[in-house]
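What follows is calculated from the coordinates using simple rules that are stated; it is not laboratory data. The structure displayed is predicted, hence computed values, not measured ones. Every residue, glycine as well, gets a Cβ built from its backbone with ideal geometry; the counts of neighbours run over all protein chains shown.
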Amino acid sequence: NKPKIGIIILQDSKEKAKEYVEKYFLQSKFSNKADFRMFYFPDAYIKRCIACTACPTVVGSDKKYRCIIHEKEDLFVQHHQELIDLDAMLICGYSPRNFTDVKSTYQAFMERTRYLRRSDYVYSNLLVAPLVFQEVGNRENLQSRIVTSNIRHHTIMHKPIIFDLHKDQFIDIDHSLESMENFISTASKLTAGRIIYASSL
């Protein structure tokens with residue numbers, strides 16, 4: 001039916017990324033074309049990766065959480081199953097000019113995905129794209145960080161989907177929404193292909 005697309009928000013300021021995702025994805029025409037699942041993690045608890053020599057810690061199914069970190073408050077302990085049960089991912093963040101009020105778990109989140117990569121590349125061939133809401137004039141280049149972090153997972157990278165803002169107003173939003181349309185279409189085709197391939201085995 002509709003592809004399951006996870007929108008993983010890792011960086012935000014005053015919940016603006018959350019607001020825009022809800023407005024332009026969860027409550028828009030796109031919700032009829034994809035099963036969006038928003039994960040809001042800018043202030044979630046993530047214990048830092050300790051780079052174990054044996055990772056994952058035990059041999060077994062990828063559906064089971066197998067990282068050595070087992071603190072019950074940890075994001076990955078709580079959401080492992082949801083994070084691997086996706087057909088495509090949008091790694092999302094809000095990137096302002098002034099970072100005073102920014103909350104971010106981006107680096108800790110990406111470091112911890114090591115156990116997913118070492119677990120026979122769980123995200124291999126999964127469609128992934130940066131989804132960035134950025135104020136004009138910022139110099140963070142968050143989309144490039146997202147691309148380089150996810151290539152190592154052997155994902156299929158889609159071009160960044162960027163929403164430019166000036167004084168809280170979007171610039172050329174139609175172009176951004178067109179990129180989103182293309183992402184959903186590609187996710188649908190790749191998901192169908194994986195299902196057909198799996199059924200032939």
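Estimated from helical segments only, the mean residue ellipticity of the chain at 222 nm is -10000 deg cm²/dmol, where each DSSP H run of four or more residues counts as -39500 (n - 2.57). Per residue, the Cα convex hull of the range 117-188 amounts to 83 Å³.
Using the Cα coordinates of the range 1-102, the gyration tensor eigenvalues translate into equivalent-ellipsoid semi-axes of 28, 20, 9 Å, sorted from longest to shortest.
With the alpha-carbon atoms of the chain aligned to their principal axes, the span from lowest to highest coordinate is 51, 42, 25 Å, starting with the largest.
At an R0 of 25 angstrom, the distance between the Cβ atoms of residue 29 and residue 118 translates into a FRET efficiency of 0.05. In the range 1-58, the C-alpha radius of gyration followed by the widest Cα-Cα span (Dmax) gives 15.7, 46 angstrom.
Close Lys pairs in the range 1-141 (alpha-carbon distance under 15 Å; sequence gap of 8 or more, or different chains): 8. Which is farthest toward the positive dipole end of the chain among 27, 61, 169, measuring Cα position about the Cα centre, with Cβ charges +1 (Lys, Arg) and -1 (Asp, Glu)? Going by the charge dipole, the pick is 61. Take each peptide in 42-51, 85-94, 150-159, count the other Cβ atoms within 10 Å of every residue, and average; sorted highest first, the result is 85-94, 150-159, 42-51.
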